[in-house]
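Right, one structure below, let's go through it.
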C-alpha cells in the first residue's frame with residue numbers, strides 16, 4: 001500500500017475545497033460544515049500566532065468532546081504546533097505533573113475544566129470557550145481579516161509530514177504518564193489503512209463516543225474521516241444511553257469503542273426502545289475482549305462487520321485488523337493480521353530470539369507507525385525501542401500459521417478499566433503518602449463489563465477506613481483511578497526472596513471477595 005506524504009492540515013484544506021458546505025459534524029442540535037470548521041480553526045490559529053505560538057509549540061487541549069475540540073485540533077495542526085491531548089477528568093495534582101513534564105505553551109479548555117486549570121501555575125490560558133460562546137466564535141470567524149488568513153497559510157507552508165502532530169499519554173511503571181509523540185505522516189497513514197481495512201466510505205455516519213484524548217478515537221474517528229469523507233456525530237457524553245440515542249437519531253452506520261461500551265449498551269434496559277438497525281460496522285479495541293462477549297455484541301446489537309483491532313498509543317495506534325470478509329467466529333478469536341507495511345514477531349524474552357508459530361512470547365512490531373520515543377525520557381524509550389527498529393509492546397501473544405495475532409496477557413502490571421490504562425504504582429504512591437500506611441499493593445481483578453476493577457491491599461499502623469483511603473485518592477487522582485475494593489492486612493504474604501507474593505495475595509483477595517461482607521473495606525485479620 002502506498003504512503004501519503006502530506007500533513008493533516010494540507011489534506012484537510014483539500015477536502016474543504018471539495019466538500020465545502022457539506023456537513024462534517026453533528027453535535028446536539030448543531031450541524032457544522034467542512035468550511036465552517038475550517039473558518040473557525042483558521043481564526044483560532046491566527047489568535048495563536050498573535051500570541052507567538054508557532055511551529056513546534058506544545059499546546060494542550062483539555063475538553064470534553066465537542067466542536068471546539070475538533071476546531072482546536074485543526075487550528076494547532078495548521079500552525080505546525082503539537083496538540084497535547086489531556087484527559088479532562090485529571091485532577092489538579094495530575095495536571096501540575098503534566099505542566100512540569102511537558103511545558104505547555106498554552107491550553108485550550110472548556111468550562112468543564114477551567115476551575116482545575118485556575119489552580120495550576122505557569123500555564124497561559126490562551127482560550128477558554130464554553131459551548132454558550134459557540135455562536136460568538138462562529139461570528140468572529142466570519143470577520144477574520146485577509147491578513148490573518150494569509151499569515152496562517154504562510155505558517156502552514158512550513159509544516160512537514162514528519163513533524164510532530166500530537167502528544168498523547170500512556171501510563172507506565174514510573175506512575176507519571178509518558179508523552180508519546182506522533183507525526184502527521186504516521187497518524188495519517190495509519191488512519192488511511194484503517195479506513196481501507198474497514199471499507200468505510202462517504203455514505204458512512206460515524207458515532208463518535210470515544211474520548212478524543214485517546215489515540216483510538218482520534219485516529220479511527222477524526223483522522224479516518226479525512227479518508228472516508230463521511231459524517232461524524234459526537235455524543236453528549238460517554239454513557240451508553242447517549243451512544244444509543246446518537247445511533248438511533250442520526251442513523252449511524254459505524255460505531256467504534258472499547259468492549260465495556262458495547263457491553264454496557266447491551267445491558268442497558270433502554271436499548272429495546274431504540275432502533276439501532278442502521279449499524280453495519282465498527283472497531284472493538286482498547287482492551288482485550290472475550291470471544292463470548294464479541295459474539296454477543298455482533299449478534300445482539302447487532303453489528304455484522306464488527307472487527308477486532310490491536311494497537312497501542314506508541315504505534316499511532318493500529319497494528320492489526322480483522323480481515324473484513326472473515327466469518328464472525330474467526331473474528332471473535334484473534335485480533336487479526338498486521339496492517340500493510342507493519343511487521344509482527346513473537347520474541348522469547350529470556351533468550352531474546354524469535355519463537356515459532358503457535359508459541360507464546362512478547363509481541364514486537366516494526367514499521368512506519370512506531371513512535372520515535374517518549375518525550376524527554378530517553379531511558380524509558382530504550383526499554384521498548386531496539387536499535388534495529390523493533391518495538392517491544394509489553395504484551396504476551398502468539399501468531400498462528402496464517403499470521404493471525406492472538407493476545408493472551410500483559411507483561412506489564414497495567415490495569416485496564418473500561419478502556420482506561422491505569423498505573424498501579426501511581427495509586428500506590430498516593431496511598432503511601434498518607435500517614436500511618438506501611439505497605440500498599442494495587443492490582444486489577446476481573447469484573448463484568450468494565451474488564452477490571454482496582455484493588456488496594458494495605459498494611460497500616462493507623463486506623464484508616466476504606467472511605468478514608470478512597471477520599472484521599474480521589475483528592476489527587478481522577479475518579480476512575482479510585483480503588484473499588486480495599487483490603488487491610490496485618491502483613492503481606494512473601495516469597496522466599498522477601499518480595500511480596502502477589503500471586504498468593506491475589507488468591508486471598510479472590511476469596512475475600514467471595515465472602516459476603518457489610519462493606520467493601522475488609523480486613524484479612
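The values are calculated or read from the model by the stated rules, or taken from the named source; none is laboratory data. Remember, it's a predicted structure, so these values are computed and weren't measured experimentally. Here the Cβ positions follow ideal geometry from the backbone for every residue, glycine too, while neighbour counts run over all protein chains shown.
Which of the following residues is crowded, with 19+ Cβ neighbours inside 10 Å, outside the structural domain of residue 56 (by TED's automatic domain parsing) and at pLDDT below 95: 409, 397?
Of 409, 397, the one residue that is crowded, with 19+ Cβ neighbours inside 10 Å, outside the structural domain of residue 56 (by TED's automatic domain parsing) and at pLDDT below 95 is 397.
Identify, please: which residue in the range 283-304 is free of Cβ contacts under 8 Å to residues at least 60 places away in the same chain and outside any helix (DSSP H, G or I) and is, among those, nearest to residue 415 (Cα to Cα)?
Of the residues in the range 283-304, the ones free of Cβ contacts under 8 Å to residues at least 60 places away in the same chain are 284, 289-304.
From what is left, the residues that are outside any helix (DSSP H, G or I) are 284, 289-290, 301-304.
Numbers: 284: 18, 289: 14, 290: 16, 301: 27, 302: 29, 303: 28, 304: 30 Å.
Only one residue tops the list, namely 289.
Name the residues in the range 229-253 that are over 16 Å from residue 303 (Cα atoms) and in a loop (DSSP other than H, G, I, E, B), would you?
229, 230, 235, 236, 237, 238, 239
Go through the range 160-217 and tell me which strands (runs of 3 or more DSSP E), entirely inside it, have 2 or more residues that are farther than 30 Å from residue 93 by Cβ.
On the way: elements: 164-170, 178-183, 205-208.
Once the strands (runs of 3 or more DSSP E) in the range 160-217 are filtered for at least 2 residues that are farther than 30 Å from residue 93 by Cβ, what remains is 205-208.
Name the single residue, out of those in the range 68-100 being within 22 Å of residue 51 (Cα to Cα) and surrounded by fewer than 21 Cβ atoms within 10 Å (Cβ to Cβ), that is farthest from the chain's Cα centre (by Cα).
Out of the qualifying residues, it is 100.
Do you know which residues across the range 164-186 are more than 26 Å from residue 413 (Cα to Cα) and surrounded by fewer than 24 Cβ atoms within 10 Å (Cβ to Cβ)?
Those that are more than 26 Å from residue 413 (Cα to Cα) and surrounded by fewer than 24 Cβ atoms within 10 Å (Cβ to Cβ): 164, 183, 185.
Looking only at the range 139-156, which residues are part of a loop (DSSP other than H, G, I, E, B) and over 18 Å from residue 77 (Cβ atoms)?
From the range 139-156, those part of a loop (DSSP other than H, G, I, E, B) are 143-145; that's our starting set.
The answer is 143, 145.
From the list 314, 364, which one is part of a helix (DSSP H, G or I) and modelled with pLDDT of 95 or more?
Result of the check over 314, 364: 314.
Residue check: is residue 235 in contact with a strand residue (DSSP E or B) (Cβ under 6 Å, 6 or more places away or on another chain) and touching a residue at least 40 places away in the same chain (Cβ under 8 Å)? Don't jump to the end; show me each part of the working.
Values: in contact with a strand residue (DSSP E or B) (Cβ under 6 Å, 6 or more places away or on another chain): no; touching a residue at least 40 places away in the same chain (Cβ under 8 Å): yes.
For residue 235, the condition - in contact with a strand residue (DSSP E or B) (Cβ under 6 Å, 6 or more places away or on another chain) and touching a residue at least 40 places away in the same chain (Cβ under 8 Å) - is not met.
What residue, among those in the range 412-429 that are in contact with a helix residue (DSSP H, G or I) (Cβ under 8 Å, 6 or more places away or on another chain) and closer than 23 Å to residue 332 by Cα, is surrounded by the fewest Cβ atoms within 10 Å (Cβ to Cβ)?
That would be 417.
Could you go through the range 261-272 and let me know if any residue there is closer than 30 Å to residue 9 by Cβ and either more than 21 Å from the chain's Cα centre (by Cα) or modelled with pLDDT of 95 or more (or both).
No, the range 261-272 contains no residue that is closer than 30 Å to residue 9 by Cβ and either more than 21 Å from the chain's Cα centre (by Cα) or modelled with pLDDT of 95 or more (or both).
Look through 250, 228 and report the one residue that is at pLDDT 95 or above, over 24 Å from residue 312 (Cβ atoms) and over 17 Å from the mean Cα position of the chain (by Cα).
Exactly one residue qualifies, and that residue is 250.
Take the residues in the range 409-436 that are farther than 17 Å from residue 97 by Cα and part of a strand (DSSP E or B); name whichever of them is farthest from the chain's Cα centre (by Cα).
409
For the range 38-68, which positions are assigned to a helix (DSSP H, G or I) and either outside the structural domain of residue 103 (by TED's automatic domain parsing) or touching a strand residue (DSSP E or B) at 6+ places or on another chain (Cβ under 6 Å) (or both)?
67 - this is the single residue of the range 38-68 that is assigned to a helix (DSSP H, G or I) and either outside the structural domain of residue 103 (by TED's automatic domain parsing) or touching a strand residue (DSSP E or B) at 6+ places or on another chain (Cβ under 6 Å) (or both).
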